[in-house]
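Novice: Mind having a look at this structure? Questions to follow.
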Amino acid sequence: MGSMTDAPNRQNGPALSREEMERAYREMLLVRRFEEKAGQLYGMGLIGGFCHLYIGQEAVVAGIGLAMKKGDRSITSYRDHGQMLVAGMTARGVMAELTGRSGGYSHGKGGSMHMFSKEQEFYGGHGIVGAQVAIGTGLALTSAYKNDGAVSIVYFGEGASNQGQVYESFNLAALHKLPCLYVIENNRYGMGTSIERSSASKDLSKNAAPWGIPSRKVDGMDVAAVYQAAKEAMEHCRSGKGPFLLEMETYRYRGHSMSDPAKYRQRSEVDEMRRTRDPIETLKAEMIKHGIDESFFKTVEQDVKATVKDAAEFAETSPEPDASELWTDVLVGE
Amino acid sequence: MASPILMPALSPTMEEGTLARWVKKEGDVVKPGEVIAEIETDKATMEMEAVEEGVLGRILITEGTDHVAVNTPIAVLLEEGEDASAADALDLGPKTEPTAKVEKNIPAPASAPQAPTSTTTDIVEPEWGETAEITVREALRDAMAAEMRRDEDVFLLGEEVAQYQGAYKVSQGLLDEFGDKRVMDMPITEHGFTGMAVGAALSGVKPIVEFMTMNFSLQAVDHIINSAAKTRYMSGGQMSCPIVFRGPNGAAARVGAQHSQCFGSWYAHIPGLKVVAPWSAADAKGLLRAAIRDPNPVVVLENEILYGKKFPCPVDEDFILPIGKAKIEREGKDVTLVAFSIMVGVALEAAELLAEQGIEAEVINLRTLRPLDTETIIKSVKKTSRIVSVEEGWPVAGIGSEICTVAVEQAFDWLDAPPARVCGLDIPLPYAANLEKLALPKPEWIVEAVRKQFGD
């Protein structure tokens, strides 16, 4: 099957129902405000180390989240806060992990890049670029082995798409027809190196073609487009036809990590994206067109602000892990 | 309400910086995401963005100021319509640094950290009774078959494990019994299939990964260490990774440097892994069964030369060995020889030679490299007062270094001679038959090391 670069078919009415639009808006705003707060706490020294913000890319996780079913698994890189919130992990638990406190998902032992939730089938949070692609393929192998009907969503950036294990994974998933949805979040820059300077392949959506994996290039700033594409791709995976690849054309507004001065791109490029392509503003405009009134947005803004404020307070006041935590969780059964 | 804008930390190590330039002026309206100032850190000039909407009410630190500590108020943000005098009500003293609090809370350790020690004497191994002679190869195959019959979630994957019946015929017959869903041939793609197997283990099944030789595990070492060993810790105990990485380790016969290396020291170094290194058929069967049942990642270091060797092995269907417990293969009172894998046989040969010279050597078969059975080693040293470690791998930071250190740390007063190491030569293993022979430990080297301890 070839790569389909056409826009998703919206001839049969609006791409998203009112309910879906509301949910997507709420989730995108939560991710946005959560990340802004995380940036602020980092500035205050409450969050340490590496911290990679998701701001700008919200439509990708929100759209895929709409298409996911209970039991579906997901895994991503170190730019992971958005995936975690959409997977249903609590803002409190994620924020407290960022501040390295006992109330965090890993009791403060993982940090921003290493967080997991067995309950929400979220498998991290990986600090090694590309490693999550092979591991994520294994999540799908479990589904095939147990025939549990789940799809595994494997997120990685366009930077990771140059790693050899990505193609080893494509080969394995195609050979064994694993229910694996690969999602390239192409935000144009792998740290400071633009896609033009890092990839000889100019159309990443075609990168899985040699293995016969069907794919699609998607406007990753448009949550409706993401949802439509993800829904079709996941139906493909779930029906036993094997893996699918989606390339999301997206953009991060902030630097690679908190300490990135982002001198490799013009400020005007960021401003232009924010002004014309912002995923939250785009959806809001669409929702207003569908008659959703201002009071909805105000309420959501207030709710989200309250959630994030509560998460930040929890993350600042949750005690640091006890020194005894040093020695726990190294091995099972000890 | 007026709120202070604080000097931000803009890198993991930043403590202070220079306020290079104010991009916004007092009285300007700012929106989230807008650049309000430029801050110079030791590494770069960073743009500082506003996080809240408001009016820049008062600038407290003028541009060009150096050494501004993180968390110092640098300006006051007002809500729209609020008077600049609202800034006066703010407490603009320097904020306490949260990082300082972190350090304060760390209790002083009671003592300097030590290498892990074990208590293993309370592990009682049952008498397994009747034995039969089988090869190590058969023992490994029987172990996998027994565990696959016992647990549906256990499966084997690797290169040539299914249709070819195993590159070294270890998986012979498994495809016929269990089918291709549970005995999976892999393409030559260690990095990919090891990562995949780790993902499968994390999500509820129990893979056995066969490396055609452990040398190829280097292609996948990131997944063994970063993905398998560390995930339980990094997840605060939520995730577990029940997986076995197995394959022939160390020198075979004239296969050259890239195919002849011992990984004992490499993997034994890693917290979050267990590492076993069987010598006999009983070791192989008992330890591999234990590795498959263990809820943690376990590396099983086999040996190609031993595959075809026959040893008596208990026939009991339930036969299994505990991970972490060494075995005394020969008792003696004069010197302790500690070895693992194929070197156990070499140490036993050395013990024979020493006996002819009137020296009774005790030979410990480590069986497990991590966790190391320090208790059995120390108990023996306290009896013999001398210790020589024997390994095929290189000397620098090897298993022998660890054993000698343990002896010095825990039994210094009992030692009558400095601990000694017998190792493979510190060179890539050569191909030529004579050179290869010269590079690997032999009984005579052990005898010499022991005689030296007796002052010869």
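Novice: Give the long-range amide H neighbours of residue B:46: residues separated by 5 or more places, or on another chain, with amide H under 5 Å away, using H modelled in the peptide plane at 1.01 Å from N.
Specialist: B:39, B:40, B:41
Novice: Also, quick follow-up: Could you work out Rg/(2.2 N^0.38 Å) for the stretch A:77-201, with Rg from alpha carbons only?
Specialist: Here the Cα radius of gyration is 1.11 times the empirical estimate.
Novice: Could you give me D for the stretch B:389-454, from Stokes-Einstein at 25 °C and 0.890 mPa s, where the hydrodynamic radius is the Kirkwood radius over C-alpha pairs? Units µm² s⁻¹, please.
Specialist: Roughly 190 µm²/s, to the nearest whole number.
Novice: When the helices in the protein assembly as shown are scored as -39500 (n - 2.57) per DSSP H run of 4 or longer and the sum is shared across all residues, what 222 nm value do you end up with, to the nearest 500 deg cm²/dmol?
Specialist: One gets -10000 deg cm²/dmol as the mean residue ellipticity at 222 nm.
Novice: Can you bin every Cα-Cα distance in the stretch B:3-105 into 10 Å intervals starting at zero and give me the percent of pairs per bin, rounded to whole numbers?
Specialist: 15, 46, 31, 7, 0
Novice: Name the shape class, rounded, prolate or oblate, that the alpha-carbon gyration tensor gives for the stretch A:141-236, where a ≥ b ≥ c are the square roots of its eigenvalues, rounded holds for a/c under 1.5, and otherwise prolate holds if a/b is larger than b/c and oblate otherwise.
Specialist: It comes out oblate by the Cα gyration axes.
Novice: How big is the charge dipole of the stretch B:131-314 about its Cα centre, in debye rounded to the nearest 20, if each Lys and Arg gets +1 on its Cβ and each Asp and Glu gets -1 on its Cβ?
Specialist: Taking the Cα centre of the stretch B:131-314 as origin, the dipole is about 420 debye.
Novice: If you average the C-alpha positions of the stretch A:214-288 and of the stretch A:84-100 separately, how far apart do those two centres end up, in angstrom?
Specialist: A separation of 22 Å, based on Cα centres.
Novice: Separate question: For A:90, B:72, give me the order by solvent-accessible area with a 1.4 Å probe, most accessible first, ignoring ligands, DNA and RNA.
Specialist: My answer, sorted largest first, is A:90, B:72.
Novice: Rounded to the nearest percent, how much of the accessible area of the stretch A:217-326 (1.4 Å probe, protein heavy atoms only) is carbon and sulfur?
Specialist: 50
Novice: Let me ask something else about it. Over chain A, what is the mean sequence separation of C-alpha contacts under 8 Å (at least six apart), divided by residue count, expressed as relative contact order in percent?
Specialist: 24
Novice: In whole angstrom, how far apart do the alpha carbon centroids of the stretch B:214-256 and the stretch B:20-92 sit?
Specialist: Cα centres, the stretch B:214-256 to the stretch B:20-92: 50 Å.
Novice: At q = 0.05 Å⁻¹, what is the base-10 log of I(q)/I(0) for chain B according to the Debye formula with one equal point scatterer per Cα and no solvent? Please give it to two decimals.
Specialist: -0.31
Novice: Could you tell me which trypsin sites (Lys or Arg not before Pro) in the stretch B:259-351 are loop residues by DSSP with no more than 13 other beta carbons within 10 angstrom of their beta carbon?
Specialist: Those satisfying the criteria are B:333.
Novice: A further question follows. Can you compute the FRET efficiency between residue B:89 and residue A:191 using 1/(1 + (r/R0)^6), with r the Cβ-Cβ distance and R0 = 60 Å? Round to the nearest 0.05.
Specialist: My answer for the efficiency is 0.90.
Novice: Accessible area lost on pairing B with A, both sides, 1.4 Å probe, Å² to nearest 100?
Specialist: Accessible area lost upon association: around 5200 Å².
Novice: With the cut-off at 1.5 for a/c, could you classify the stretch B:131-314 from its C-alpha gyration tensor as rounded, prolate or oblate?
Specialist: In terms of gyration-tensor shape, rounded.
Novice: Here's a follow-up. Of B:122, B:294, which has the most accessible area and how do the rest follow, probe 1.4 Å?
Specialist: Sorted descending by solvent-accessible area, the residues read B:122, B:294.
Novice: How much accessible area per residue does the stretch A:129-202 have, in Å², with a 1.4 Å probe?
Specialist: 31
Novice: Provide, in order from the shortest bin, the percent of all Cα-Cα pairs of the stretch B:327-453 in each 5 Å bin, continuing until the bin that contains the maximum pair distance.
Specialist: Values per bin, smallest distances first: 2, 12, 23, 25, 20, 10, 5, 2, 0.
Novice: Let me ask something else about it. Go through the stretch A:114-203 and name the GluC sites (Glu not before Pro) that are in a DSSP coil and have 12 or fewer other Cβ atoms within 10 Å of their Cβ.
Specialist: A:119
Novice: From the protein chains alone at 1.4 Å, what is the descending order of accessible area for B:49, B:177, largest first?
Specialist: Descending order: B:177, B:49.
Novice: Something else about it: Take every DSSP beta bridge with both residues inside the stretch B:215-315 and express the antiparallel ones as a percent of the total, to the nearest 5.
Specialist: Counting only bridges with both partners in the stretch B:215-315, antiparallel ones make up about 10 percent.
Novice: Report in % the part of the accessible area of chain B that belongs to carbon and sulfur, leaving out ligands and nucleic acids; probe 1.4 Å.
Specialist: Whole-percent figure for carbon plus sulfur exposure: 52.
Novice: Using every pair of alpha-carbon atoms in the stretch B:132-214, split the distances into 5 Å bins beginning at 0 and state the percent of pairs per bin, rounded to integers.
Specialist: Spelled out bin by bin, the stretch B:132-214 gives 3, 16, 27, 25, 19, 8, 2, 1 percent.
Novice: Separate question: Using only the alpha carbons of the protein assembly as shown, what is the convex hull's orientation-averaged projected area in square nanometres?
Specialist: One quarter of the hull surface, i.e. the mean projection, equals 37.8 nm².
Novice: So how much accessible area does residue A:287 have, in Å² to the nearest 10, using a 1.4 Å probe?
Specialist: The value for residue A:287 is about 0 Å².
Novice: What shape does chain A have by the C-alpha gyration tensor, where a ≥ b ≥ c are the square roots of the eigenvalues, rounded means a/c under 1.5, and otherwise prolate means a/b greater than b/c and oblate the rest?
Specialist: Since a/c stays below 1.5, the shape of chain A is classed as rounded.
Novice: So if I take the centroid of the Cα atoms in the stretch B:189-205 and the same for the stretch A:132-201, what is the distance between those two points in Å?
Specialist: First find each Cα centre; the distance between them is then 13 Å.
Novice: Please report the relative contact order for chain B, taking Cα pairs under 8 Å with a sequence separation of at least 6, and give it as a percent rounded to a whole number.
Specialist: The value is 12 percent.
Novice: Considering only protein heavy atoms, what per residue accessible area in square angstrom results for chain B with a 1.4 angstrom probe?
Specialist: That works out to 43 Å² for each residue.
Novice: Accessible surface of residue B:13 in the full protein assembly, 1.4 angstrom probe, to the nearest 10 Å²?
Specialist: 100
Novice: So with the 1.4 Å probe, I'd like the accessible area per residue for the stretch A:240-309, rounded to whole Å².
Specialist: 49
Novice: With an 8 Å cut-off on Cα pairs and a minimum separation of 6 or more residues, tell me the relative contact order of the stretch A:146-254 in percent.
Specialist: Computed value for the stretch A:146-254: 35 percent relative contact order.
The values are calculated or read from the model by the stated rules, or taken from the named source; none is laboratory data. Small disclaimer: the values here were computed from a predicted structure and weren't measured. No Cβ is skipped: glycine too gets one built from the backbone with ideal geometry, and neighbour counts run over all protein chains shown. Just the protein is used for accessible areas: all its heavy atoms, side chains included, with ligands, DNA and RNA removed. Shrake-Rupley method; radii C 1.70, N 1.55, O 1.52, S 1.80 Å.
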